[in-house]
Amino acid sequence: MTPLVRLDDASIGYGGRALLGGISVAVEPEDFLAIVGPNGGGKTTLLRTLLGVLPPLEGRRTAEGPLRVGYVPQRDHVDGLWPLSCGDVVVMGRVPLVGAGGRMGSGDLDAARRALGRVGLGDLWGRPFGTLSGGQRQRTLIARALAAEPRLLALDEPTNGMDPAAELSAMDLLRALHGAGGIAVVMISHRLEAVANVARRLAFVDKDQDLWKVGPLEEMLRPEALSRLYGREVIVREEGGRRFVYPVAGGGDP
């Protein structure tokens with residue numbers, strides 16, 4: 001299967017200064033890759049390099065033709081004071097398809113409405129964006145990305161700042177969207193528990209530890225891999241059909 005995008009022995013960074021090197025990773029159709037690491041560890045730089053926003057400082061990036069991407073930024077980077085309706089925000093996702101200066105047609109509005117329905121907010125089309133809850137705003141931004149009819153859905157910390165119930169709801173939504181087929185997902189998170197029950201593969205990134213490791217979910221959840229990421233012993237437990245990750249305290253108790 002031809003990857004949608006891949007990096008080969010890449011160094012990533014800004015302004016000619018490398019943050020991390022030796023990165024080789026491929027995102028295949030219908031993959032679900034979660035990039036996990038501490039804040040400031042290089043996760044967003046890696047994602048931007050994968051998406052072609054940043055060129056690799058060394059190595060090579062290759063993509064399967066023009067790669068159609070739906071991008072979901074961090075919710076707190078989006079101005080809640082936009083004087084737009086929920087539907088207006090979702091329609092923005094059609095702009096790459098109609099082109100700069102192009103006119104939206106009825107087909108574009110229909111596609112935007114379908115995208116909003118896929119995230120469970122079909123009845124909020126006319127609601128002002130600024131009046132939505134945090135979880136509803138995140139779902140709206142996901143719908144905007146889906147309206148672009150992407151082959152790759154890229155999300156930067158989509159559950160950041162959410163309470164546990166909202167985080168679980170958001171991850172269940174991503175699981176359902178991915179399970180419906182047709183898209184690959186690459187998601188950034190600093191919380192391993194947020195992705196440990198959803199992703200197919202994990203990548204651990206931490207520039208301060210010079211850490212880069214990627215592999216299948218089960219392999220990456222082994223204690224030896226987790227201890228490198230957390231810098232201490234880690235226990236993975238299953239409770240109620242879900243995985244929970246517990247770094248062990250100095251006294252030996254999680």
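Any read-out appearing in this document is the output of simple, stated calculations on the displayed coordinates, not a laboratory observation. Computed from a predicted model, the values in this text were never measured in an experiment. Backbone-built Cβ (ideal geometry, glycine too); neighbour counts: all protein chains shown.
A few points about this structure:
- Nonlocal amide H pairs with LEU20, under 5 Å, H built at 1.01 Å: ILE12
- Counted over the chain, the DSSP beta bridges are approximately 60% antiparallel.
- Between VAL95 and ARG60, the simple spin-label model (points 7 angstrom out along Cα→Cβ) gives 3.4 nm.
- Across segment 115-120, computed HN-Hα scalar couplings (Karplus, 6.51 cos²θ - 1.76 cosθ + 1.60, θ = phi - 60°) run 5, 5, x, 5, 9, x Hz from first to last residue, x flagging Gly and Pro.
- Separation between Cα centres of segment 165-179 and segment 107-151, rounded to whole Å: 15
- Contact order relative to length of the chain, as percent, for alpha carbon pairs under 8 angstrom and 6 or more apart: 24
- Value of Rg to Rh for segment 80-150, rounded to two decimals, is 0.95; Kirkwood radius and Rg both from alpha-carbon coordinates.
- Charged side chains reduced to their Cβ positions (Lys and Arg at +1, Asp and Glu at -1) give segment 15-126 a dipole of some 220 debye around its Cα centre.
- Mean Cα-pair separation over length for segment 80-150, i.e. relative contact order, pairs under 8 Å, 6 or more apart, %: 50
- Placing +1 on each Lys and Arg Cβ and -1 on each Asp and Glu Cβ, with no other charges, gives segment 80-150 a dipole about its Cα centre of roughly 100 debye.
- Listed values for segment 220-237 are Karplus-derived 3J(HN,Hα) couplings in whole Hz (6.51 cos²θ - 1.76 cosθ + 1.60, θ = phi - 60°), namely 6, 8, 6, x, 5, 6, 5, 5, 5, 5, 8, x, 6, 5, 10, 10, 10, 10, and x replaces Gly and Pro.
- Angle in degrees between helix 164-179 and the longest Cα principal axis of the chain, rounded to the nearest 10: 80
- Label assignment, semi-axes √(5λ) of the Cα gyration tensor in Å derived from the structure, set (1) 27, 20, 18; (2) 28, 23, 16; (3) 31, 23, 16: (3)
- The charge dipole of the chain, taken about the Cα centre with unit charges on the Cβ atoms of Lys, Arg (+1) and Asp, Glu (-1), comes to about 540 debye, rounded to the nearest 20.
- Most tightly packed first, judged by the mean number of other beta-carbon atoms within 10 Å of their residues, the peptides 163-174, 235-246, 30-41 read 30-41, 163-174, 235-246.
- Each peptide among 221-233, 105-117, 190-202 gets the average number of other Cβ atoms lying within 10 Å of its residues, and from highest to lowest they stand as 190-202, 105-117, 221-233.
- Distance from the Cα centroid of segment 193-254 to that of segment 1-72 is 21 Å (rounded to whole angstrom).
- When you filter the trypsin sites (Lys or Arg not before Pro) in segment 1-72 for DSSP loop state and at most 14 other Cβ atoms inside 10 Å of their Cβ, you are left with ARG68.
- Relative contact order [Cα under 8 Å, 6+ residues apart], segment 184-254, whole percent: 22
- Segment 187-254: C-alpha gyration tensor shape, a/c 1.5 cut-off, then a/b vs b/c: oblate
- Fewest neighbouring Cβ atoms within 10 Å first, the residues LYS207, LYS213 line up as LYS213, LYS207.
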